[in-house]
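First comes the structure, then the notes that go with it.
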Amino acid sequence: MNKMDEIILAAPRSDVFQNEMLTFQGVNSEDERIVNIMAQIEAHFFEIRRGDAEEDPRFKQPIPYVVIRRDDEVFVYERLAGGGESRLHNKLSLGFGGHMNPMEGAASFSEVLKQNTDRELAEELYIREEDKQNIVTLGLINDDENDVGKVHIGILSALQLASAAQVEVKEKDQIAGRWMKLSELKEENVYQRLEAWSQFVADILQ
């Protein structure tokens, strides 16, 4: 199946941001705003063909975006020219995730989100279950200043791993990954290669 024929979840922008009253740019970690926006997504999400949603800024596609942490390091990856989103080739990224698919039998949007997040991580990475310590929500990401960002909203979280944990990417022909110190992310030659969402995330990670 062509990836643009995939059935994904989206919600009307006018509902997600309550007619722009909740709009923000970058990462927002305000508890009340996160709760309000997530409630709007849960109340109004629907199924749509991915190709239709990608070209229509009237809709926001919720994207789980998980940062993998190990002490003072994060796992950074680069999309190679061999695959993935062509608009992000050769950019560095801090977040793993992707479009959300409908999940039959899920009781709530939170359950759909968890199942999609778990599936995305399992598809992209080898991580031992015993190395996973906890996952925490960091906020939401919105970027209306570029074509990719206009049609997506990121649900940002961090997966904390044990100090000796190892992570390996599965699709080595499409992705190259490595650990980097948080301090390295602020270096000009690294920061400028980060895709837009990852720059927002690098600004708030401590």
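Observations on the model:
- For segment 31-127, the helices (runs of 4 or more DSSP H) that sit wholly inside it and include 1 or more residues that are of a type in the set (D, E, K, R) and within 22 Å of Lys170 (Cβ to Cβ) are 50-54, 109-124.
- For segment 1-28, filtering for residues that are in contact with a helix residue (DSSP H, G or I) (Cβ under 7 Å, 6 or more places away or on another chain), modelled with pLDDT under 95 and not acidic (Asp, Glu) leaves 2.
- Scan of segment 131-149 for residues that are farther than 14 Å from Gly26 by Cβ, surrounded by 13 or more Cβ atoms within 10 Å (Cβ to Cβ) and either touching an Asp or Glu at 6+ places or on another chain (Cβ under 9 Å) or not polar (S, T, N, Q) (or both), ordered by number: Asp131, Lys132, Ile135, Val148
- Residue within segment 57-79 that is in contact with a Phe, Trp or Tyr (Cβ under 9 Å, 6 or more places away or on another chain), at pLDDT below 95 and not hydroxyl-bearing (Ser, Thr, Tyr) present: no
- Where a residue in segment 128-157 is free of Cβ contacts under 8 Å to residues at least 40 places away in the same chain and its partner, wherever it lies, is surrounded by fewer than 16 Cβ atoms within 10 Å (Cβ to Cβ), with Cβ under 7 Å and at least six apart: Asp131/Ala162; Gln133/Ala162
- Yes/no for Ser198 being part of a helix (DSSP H, G or I), within 18 Å of the chain's Cα centre (by Cα) and among the hydroxyl-bearing types (Ser, Thr, Tyr): yes
- Residue satisfying condition, being within 23 Å of Ile7 (Cβ to Cβ) and either touching a Cys at 6+ places or on another chain (Cβ under 9 Å) or β-branched (Val, Ile, Thr) (or both), within set Val66, Val136: Val66
- Taken together, the residues in segment 80-95 that are among the hydrophobic types (A, V, I, L, M, F, W, C) and either at pLDDT 95 or above or more than 20 Å from Asp144 (Cα to Cα) (or both) amount to 3.
- Residues within segment 54-68 that are more than 21 Å from Glu104 (Cα to Cα) and either crowded, with 19+ Cβ neighbours inside 10 Å or of a type in the set (Ser, Thr, Tyr) (or both), tallied: 7
- Among the residues of segment 158-172, at least one is at pLDDT 95 or above, of a type outside the set (S, T, N, Q) and under 26 Å from Phe109 (Cβ atoms).
The values are calculated or read from the model by the stated rules, or taken from the named source; none is laboratory data. On a predicted model such as this, the values are computed, not experimentally measured, just so you know. When we count neighbours, we look across all protein chains shown, and the Cβ atoms used for this are built from the backbone with ideal geometry, even at glycine.
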